[in-house]
Each structure stands twice: as structure tokens, then as C-alpha cells.
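Contents: one structure, followed by commentary.
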Amino acid sequence: MIGPPGSGKSMVAKRIPTIMPEPTLDEFLEILGIQSAAGVSLYGEGRYFQRPFRSPHHTISDVGLLGGGTQPGPGEISLAHHGVLFLDELPEFKRSALEVLRQPLEDGEVTISRSAAKITLPCSFMLVAAMNPCPCGYLSDPRRECRCSPTQIQRYRSRISGPLLDRIDLHIEAPAVSITDMRKGQPGESSAAIRERIVASRQLQRARFADSPATTSNARMSHRQIREHCAVTPEQGDLLQRAMEELQLSARAYDRILKVTRTIADLAGAEQIETPHLLEAIQYRSLDRNLFY
Ligand SMILES: Nc1ncnc2c1ncn2[C@@H]1O[C@H](COP(=O)(O)OP(=O)(O)O)[C@@H](O)[C@H]1O
Ligand SMILES: [Mg+2]
Ligand SMILES: [Zn+2]
């Protein structure tokens, strides 16, 4: 999420676990296992059926994030297992921390090597990140003047590498909201109502992958499964190719866009992928272009 201070990025991030399906019993036991290994409590009172939400500060060390240390233990990415890892002020994180995050993000597990021992811990988490559009924060806010120079803005944004951005499927711009707009606004949908839709689409996904239990959701589809379940018409294929060229997207982004398209179609209850689903998935890649030109 990219947007000026006060646009609701942190508010949205904290609510993501409330729209995710409850953990299954197996997932819950894994979460508890990590919790006891770390000697921390991952649950607030009465929230046992919610997934973990971890929000480490940007000054965190690589070990704090990945795990390890003299007494090897789980890091934040494992504490966020089956839940959300929220990195607020993403460009403020050390470059090294963001780079070491990439592999575990892809694998869903992390191997911590020490001279004495080597352990593998699960870390299947959803990465949610927030940033301001520029160092002062107000570039996209019509009510305030941004005082950052183009060079400062460029330097700030380039702290997030292309390969990391590549692995973020949904780029959302959070627009500045005025008090007047907020007071006028209709109350939005409740988390419970959104969660119902998500649970229904997850059921669809479970049925789709009944023969391959390792694939727990669309996000975990292999290349072969993508070809099977994300079939597009020749016209849609052309459209995607043109968008990829225009946005200068990598080959990795190609598969990822198709997975997101499948999920959008699932949420709409559509068996076949339709062009609006594909267009929606493509427009969630907007930062690829904006950040690196
Ligand atoms: N779009 C919005 N709708 C309703 N309330 C909002 C919205 N944006 C911001 N707020 C209010 O402003 C507060 C500050 O937002 P916050 O999530 O801290 O912004 P950010 O993290 O983008 O700086 C929120 O707790 C919420 O009360
Ligand atoms: Mg915030
Ligand atoms: Zn600025």
C-alpha cells in the first residue's frame, strides 16, 4: 500500500487477519508450536481463531526477522506463519533484511544455519507492506505541499528492489482522505461479510486442488497447475503480453498475474477467466512502472 500519512494503511493492514479464514486445526497447532518455541504469546485475549499478525519495527535485525541467533529460535517470519507479516514504512527497512526475506517468502520455510545445528522452520505468511509515496509523505496529498526533490523521491523508492516488488502481487494506492469525505462516507462492508466471501472462494480452491494437497490455495499453484487452471483465450493472452511489455514486467510476474486473475474470478464465482478479471489483476501491478522509471 502506498499513500500519504493518515490514509488508513495501518488500519487496513491490522484488519487483514479478520477477513482471512480461521486457521484449520493443523494450522492452529503449527502456530502454537512456533509460539511455544519462541516463548511468546501470539494471541490477544479471545482471538484464538484469528491468524497471527506481526508488525516488526524497521530497525529489526536480519536474525530477528529470519530467526536463528545463539539459541536458534523462530524469527518474525515464522511467528507470522499462517498469518500476516506487516512491514510498515517498507523503504526504512535495511536493504539486507528485505533481500533475505525473498527466498523464505517464496518457499514458505526458512533454514537457519548455525555452526552446531541447522533447523528448518515454517514461515508461510502473507506479506503486507506500507510506504509513503515520498520521504516527506505528502506527494500524493492534494492538501499538502511535498517538499521532496525528484532525486530524493527516486532514492527513497529505489530502496525497494525490483525483485522484491515482483513478489508483491497487489499494489494498492491509498488516497488521502479528508475529514469531510470520511464523515460523508457510507460505512463499509464488515470484516465478517468479507470473510464469508473469502471462505467460499477458499472452498472452491480446496476442491480444485483436491488431488494435490501441497497446493493449499491459488497462490501456491505450480507452473503446470497455472497452465491447467488459468487458461486464457488468445485475445486475453495478447492483452497480457502487451501489458507485460508496457509495464516491463518479468517472467515471474506473468505467472503471478495469472494466479491473481484466478482468485479474482473465484471471488466473482466465475469458472472461466474473463477479461475484466485479467485487467483487474494487471492494474494491481501499477507500482512496477511508477517506481522504476
Ligand atoms: N479511508 C478511511 N476510512 C476510515 N477511516 C480512516 C480512513 N483513513 C484513515 N482513517 C482513520 O485515520 C486513522 C489513521 O490512519 P492510519 O491507518 O494510521 O494511516 P496510515 O497508516 O496510512 O498513516 C485510522 O485509525 C482511521 O481512524
Ligand atoms: Mg501507519
Ligand atoms: Zn514529499
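The values are calculated or read from the model by the stated rules, or taken from the named source; none is laboratory data. No experiment lies behind these values; they were computed from the predicted model shown. In this analysis, Cβ positions are derived from the backbone assuming ideal geometry, glycine residues included, and neighbour counts consider all displayed protein chains.
Laid out as a table, the results:
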read-out: Number of the condition not met by Phe86 [criteria: (1) closer than 30 Å to Asp26 by Cβ; (2) more than 16 Å from ligand 2 (Cβ to nearest atom)]; value: (2)
read-out: Selection from the range 104-140 of residues that are buried (at least 18 other Cβ atoms within 10 Å of the Cβ) and either on the phi > 0 side of the Ramachandran plot or not assigned by TED's automatic domain parsing to the domain that holds Ile172 (or both); value: Gly137
read-out: Some residue of the range 31-43 being assigned to a loop (DSSP other than H, G, I, E, B) and crowded, with 19+ Cβ neighbours inside 10 Å; value: yes
read-out: Filter result (of a type in the set (D, E, K, R) and either assigned by TED's automatic domain parsing to the domain that holds Glu106 or without any contact (Cβ under 8 Å) to a residue 60 or more places away in the chain (or both)) within the range 221-276; value: Arg224, Arg227, Glu228, Glu235, Asp238, Arg242, Glu245, Glu246, Asp255, Arg262, Glu271, Glu274
read-out: Hey, Thr275 among the β-branched types (Val, Ile, Thr) and surrounded by fewer than 15 Cβ atoms within 10 Å (Cβ to Cβ) or not; value: yes
read-out: The one condition in (1) out of contact with any helix residue (DSSP H, G or I) (no Cβ under 6 Å at 6 or more places or on another chain); (2) crowded, with 16+ Cβ neighbours inside 10 Å; (3) under 17 Å from Met1 (Cβ atoms) that Pro72 fails to fulfil; value: (3)
read-out: Residues of the range 134-166 satisfying the condition of being of a type in the set (A, V, I, L, M) and within 16 Å of ligand 1 (Cβ to nearest atom); value: Leu139
read-out: Residue within the range 91-103 that is surrounded by fewer than 16 Cβ atoms within 10 Å (Cβ to Cβ), among the β-branched types (Val, Ile, Thr) and at pLDDT below 95 present; value: no
read-out: Condition met for Arg183 (in a helix (DSSP H, G or I), within 16 Å of ligand 1 (Cβ to nearest atom), more than 17 Å from the chain's Cα centre (by Cα) and surrounded by fewer than 15 Cβ atoms within 10 Å (Cβ to Cβ)); value: yes
